[in-house]
């Protein structure tokens with residue numbers, strides 16, 4: 001089973017990816033991990049700053065990450081891939097999208113205390129998240145003529161704003177078990 005998982009930052013993609021991988025015995029990958037690693041190589045600790053200040057002007061970074069996920073999708077069968085454009089680069093996957101209200105997503109990111117995020121309060125986290133989303137949408141529209149948040153690209157969409165990780169996991173496993 002190939003699963004691609006997309007959604008807004010703070011929607012729970014990383015948590016869901018881990019739970020699905022464990023439950024179904026799948027390999028777990030995340031393009032965010034690749035991007036954060038590349039950001040640090042370029043001297044950025046904050047992923048939003050890297051996307052806005054560097055990646056916008058260096059599309060080869062997006063291509064590098066996208067080629068890696070496409071190759072991964074071609075060479076592997078049983079995985080869950082946390083990737084904004086996984087639906088595009090692994091077309092034979094089950095495509096899941098997680099959405100979340102901006103305030104809830106920002107609070108989750110703050111609570112997780114990610115080392116690659118600089119925001120220190122809720123408003124700064126909301127602003128950074130919105131800037132990150134819009135930058136990625138603009139970049140991907142320019143590169144691939146695709147809207148990464150167009151829900152018609154996905155097989156299943158869940159708003160995680162008022163759900164805990166176990167509730168999201170339960171909804172997803174019901175759907176995935178039905179599709180198997």
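Within the bounds of segment 116-131, is there any residue that is under 15 Å from residue 7 (Cβ atoms), under 18 Å from the mean Cα position of the chain (by Cα), free of Cβ contacts under 8 Å to residues at least 60 places away in the same chain and surrounded by fewer than 19 Cβ atoms within 10 Å (Cβ to Cβ)? Yes, the conditions are met somewhere in segment 116-131.
Look at (1) touching a strand residue (DSSP E or B) at 6+ places or on another chain (Cβ under 7 Å); (2) surrounded by 22 or more Cβ atoms within 10 Å (Cβ to Cβ) and you find that residue 93 fails only one, number (2). Figure legend. Inter-residue proximity from segment 137-156: first residues farther than 17 Å from residue 59 by Cβ, second residues part of a helix (DSSP H, G or I) and modelled with pLDDT of 90 or more, beta-carbon distance below 6 Å, spacing 6+ or different chains. Indicated pairs: 153/87; 156/175.
Against the test of being in contact (Cβ under 8 Å) with a residue 40 or more places away in the chain and surrounded by fewer than 18 Cβ atoms within 10 Å (Cβ to Cβ), the options 160, 99 yield a single qualifying residue, 99.
I want to confirm something. Restricting to segment 44-70 and keeping residues that are touching a helix residue (DSSP H, G or I) at 6+ places or on another chain (Cβ under 9 Å) and not in a helix (DSSP H, G or I), which single residue is nearest to residue 149 (Cα to Cα)? Here the residue is 59. Restricting attention to segment 19-43 and to residues that are crowded, with 16+ Cβ neighbours inside 10 Å, in contact with a helix residue (DSSP H, G or I) (Cβ under 7 Å, 6 or more places away or on another chain) and touching a residue at least 60 places away in the same chain (Cβ under 8 Å), the residue that is farthest from residue 93 (Cα to Cα) turns out to be 39.
Yes or no: segment 45-62 includes at least one residue that is buried (at least 20 other Cβ atoms within 10 Å of the Cβ) and more than 17 Å from residue 140 (Cα to Cα). The answer is no, given that none of the residues of segment 45-62 is buried (at least 20 other Cβ atoms within 10 Å of the Cβ) and more than 17 Å from residue 140 (Cα to Cα). Against the list (1) in contact with a strand residue (DSSP E or B) (Cβ under 9 Å, 6 or more places away or on another chain); (2) surrounded by fewer than 16 Cβ atoms within 10 Å (Cβ to Cβ), the condition residue 82 fails is (2). Taking the numbered list (1) more than 17 Å from residue 109 (Cα to Cα); (2) in contact with a strand residue (DSSP E or B) (Cβ under 7 Å, 6 or more places away or on another chain); (3) part of a helix (DSSP H, G or I) in turn, residue 34 passes all entries but (2).
The values are calculated or read from the model by the stated rules, or taken from the named source; none is laboratory data. Keep in mind that what you see is a predicted model, and the values were worked out from it rather than measured. Cβ coordinates were reconstructed from backbone atoms using ideal geometry, including for glycine residues, and neighbour counts include every protein chain displayed.
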